[in-house]
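S.K.: The structure follows.
All of the numbers you see were taken from the coordinates with simple rules; none came from a lab. Remember, it's a predicted structure, so these values are computed and weren't measured experimentally. Heads up, the Cβs are rebuilt from the backbone with ideal geometry, glycines too, and the neighbour counts pull from every protein chain shown.
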Amino acid sequence: PLVYTQSPNNGKGNLGMYRIQFHDELTTGMHIQIHRGGGFHHYEAKQKKESLPCHIYVGGPPALTIAAVAPLPEELSELLIASLLLGEKLKTTKDLAISSLPIVSDADFMLVGEIPPDELRPEGPFGDHYGYYALRHDYPVFKVKNIYHRKNAIWPATVVGRPPQEDHYIAEYLQDLLSPMFPLVMPKVLSVWAYEESGVHTLAAAVVKERYPKEAFTAALRILGEGHLSLSKCLMVTNVNVELKDFKKAFITVLERINVSTDIHIFANISQDTLDYTGPAVNSGSKMLLLGVGEKRNVLKEEFLGNFQSNVFKRAKVFCPGVLCVSSEIYKKGDLMADKLLEEKCIEGFIFVFLVDDVEEACNSSHSFLWTIFTRFEPAGDVYARYEVIRNHLSYKAPIVVDCRLKDWYPKVLREDLGIVKKVEERFGKIIDSIG
C-alpha cells in the first residue's frame, strides 16, 4: 500500500509503496528498504528517539499509486506529480483531531498511526518482483491508531512474481512519462532505461554525451548517484543514439565499442538493492559499469562452432553477437567452474560468456535472458577473466566469464501453484460469463 511520512527535520513529505505484513490487530510490518524516502524519515526520527507519524493509504486515484512508485528525482514531490497526472490539485485536507499529516481525501482506506524508533519484528518470506521469495528479516513496525474508509470501499490487490507482471507495464509507462525529466536534472544524460524484466535495479542503460574522452564515465557516475537509479547493479553506457528499450540492440551497440581492457569498471564492497541476494550479505554487493562509446572497434563473433574439452559443460548457445551462454553442472561452492570455462579455447572470440543452469531458458528471449542473467550474479563475486593490473586498474582480456548459476544462498524461484492457477481460471471464466 501507499505510505506517507514527513521529515521530522524539515517537514518534507514522501509517498512510497512499501510492503505491509499483518502482525496483530494493532500492528503491521513496515518493509522500508534502503534508499527509500520513508526510510530516511524513520532514520531522522530514530536519531531523535521519536516515533514517526505515518499514514497508510489503500486505493484512491490511480495517479497516487503511479506517483508513489515513480523513479522521481529526489527533490520532486510525489503529491505534486499526482496532481499533474490528475490535471488538477490532489484533494487533501487537514484535521489535527485525526492526524498532524495531510489527509488524501479520495483514498478508499486510511490507516493512521506511527512507526516506533527501535521496534523490529521478523517479516517474510514473501514473493517479490525479482521473481524470487525474499527471505525472512527484521523490519520496523507500524502501530495502528485509527482506520478510516469510504462507504462501500473495495480493498484492491495485485500479484508479484517473475517479470513481466502487471507492474511491468506500469514501470514502462512511468519511464516513458518521466524520461524528459532526466536530461533536466542530469544534463550529460540524453536517455535512461531500467530493464524491468531484470527486476529493474539489476540493469540500466543510458545514452550520454561524449564531447571529450571519458566524459561518458562522469555521466555514468551521475546516474549512479541519482535517486533509485543509484540502486542499479549494472549500468551500460553509450553515446550512440540507440533505442534502449531494445535490449539486444543496445547491448550489441555497447559491445561493438567497448575497450575491454579499459572500459569495464567493477566497484566492490558497496550497497546493493535489498531484494538482490546475489551479494555477500543483505544490502551489500557491488556494481559493474560498461562503457561503449565512439566508433566501432570490435567485430562480434556470431557463431559457436567449437567443442568443449571438459564434459562438465553441457551445451552452448549464442544469445547475440559477442555473447555466449554455456550450461554446466549445478553450482557447488568451490567448484571452480568459471575458471575451468576460461581455460576452454572454444569460447575465444566472444566478449561475454555467461555460465547458466539452462541455456535454452537463458536464450529463449530478451525477457528471459535479462531475468536469468542479471538476477543471478554479483559483479565482484561472479565475474572471471584474465587481467593485468595497470595503473591500479584491472585491465581485463576477453572473454569475460560470468557465473549466473543459482547459488546455494539464493532464495527460491517463484513458481505458480498449478492448483491455484486452475481455480482462478475456472472462477474467472464464470465471472466473465456472468457479465455476458
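S.K.: Relative contact order of the chain: what whole-number percent is it, with Cα pairs under 8 angstrom and at least 6 residues apart? Write out the running numbers ahead of the final one.
M.R.: On the way: 892 pairs, mean separation 48.4, N = 436.
Value for the chain: 11 percent.
S.K.: Sticking with this one: Would you compute, from DSSP H runs of 4+ residues alone, the mean residue ellipticity of the chain at 222 nm, taking -39500 (n - 2.57) per run and dividing by the full residue count, rounded to the nearest 500?
M.R.: -7000 deg cm²/dmol
S.K.: Along the Cα-to-C-beta direction of LEU221, a point sits 7 Å from the Cα; which residues of the stretch 378-407 have their amide N less than 19 Å from that point?
M.R.: Residues 390-395 fall inside that zone.
S.K.: Rounded to two decimals, what is the ratio between the C-alpha radius of gyration of the stretch 56-181 and 2.2 N^0.38 Å?
M.R.: 1.20
S.K.: Which pairs break 24 Å Cα to Cα here: LYS287/LYS333; LYS233/LYS407; LYS249/LYS332; LYS248/LYS412; LYS209/LYS317?
M.R.: LYS249/LYS332; LYS248/LYS412; LYS209/LYS317
S.K.: Right, something else. Among SER366, SER284, SER100, whose mean-square fluctuation peaks in a Gaussian network model of the chain (Cα, cutoff 10 Å)?
M.R.: Largest GNM mean-square fluctuation: SER100.
S.K.: Who wins for biggest fluctuation among THR375, THR278, THR28 in a Gaussian network model of the chain, springs between alpha carbons below 10 Å?
M.R.: In this elastic network of the chain, the residue with the biggest mean-square fluctuation among THR375, THR278, THR28 is THR28.
S.K.: Based solely on C-alpha atoms, express the radius of gyration and the Dmax of the chain in angstrom.
M.R.: Cα-based Rg and Dmax for the chain come out at 23.6, 76 Å.
S.K.: Before anything else, pin down the relative contact order of the stretch 2-149: Cα pairs under 8 Å, at least 6 apart, normalised by residue count, whole percent.
M.R.: RCO, the stretch 2-149: 26 percent.
S.K.: Another question, then. Simple spin-label model, 7 Å along Cα-to-Cβ: SER434 to ASN259 in nm?
M.R.: It is 6.7 nm.
S.K.: For the pair LEU305 and TYR212, what calculated FRET efficiency results from E = 1/(1 + (r/R0)^6), where r is the Cβ-Cβ distance and R0 = 41 Å, to the nearest 0.05?
M.R.: Calculated value: 0.50.
S.K.: In nanometres, what is the gap between the two model label sites at ARG391 and LYS249, each 7 Å from Cα along Cα-to-Cβ?
M.R.: With each label placed 7 Å out from Cα toward Cβ, I get 3.5 nm.
S.K.: Only Cα pairs within less than 10 Å get springs; with that Gaussian network setup on the chain, which residue of LEU174, LEU84, LEU96 has the largest fluctuation?
M.R.: Looking only at LEU174, LEU84, LEU96, the biggest GNM fluctuation is shown by LEU96.
S.K.: May I pose another question? Take the Cα of SER365, step 7 Å along the line toward its Cβ, and report every residue of the stretch 210-254 whose backbone nitrogen sits under 15 Å from that point.
M.R.: Once the point is set 7 Å along Cα→Cβ of SER365, 246-248 turn out to lie under 15 Å by backbone N, inside the stretch 210-254.
S.K.: While we're looking at this one, here's another question. What ranking do 310-323, 191-204, 418-431, 382-395 get when scored by the average of other Cβ atoms within 10 Å per residue, highest first?
M.R.: Those peptides, ordered most packed to least, come out 191-204, 310-323, 382-395, 418-431.
S.K.: What's the ranking of 257-264, 352-359, 115-122 by average number of surrounding C-beta atoms within 10 Å, highest first?
M.R.: 352-359, 257-264, 115-122
S.K.: Further question on the same structure: So how many Å³ per residue does the convex hull of the Cα atoms of the stretch 154-271 work out to?
M.R.: Spread over its residues, the Cα hull of the stretch 154-271 gives 134 Å³ apiece.
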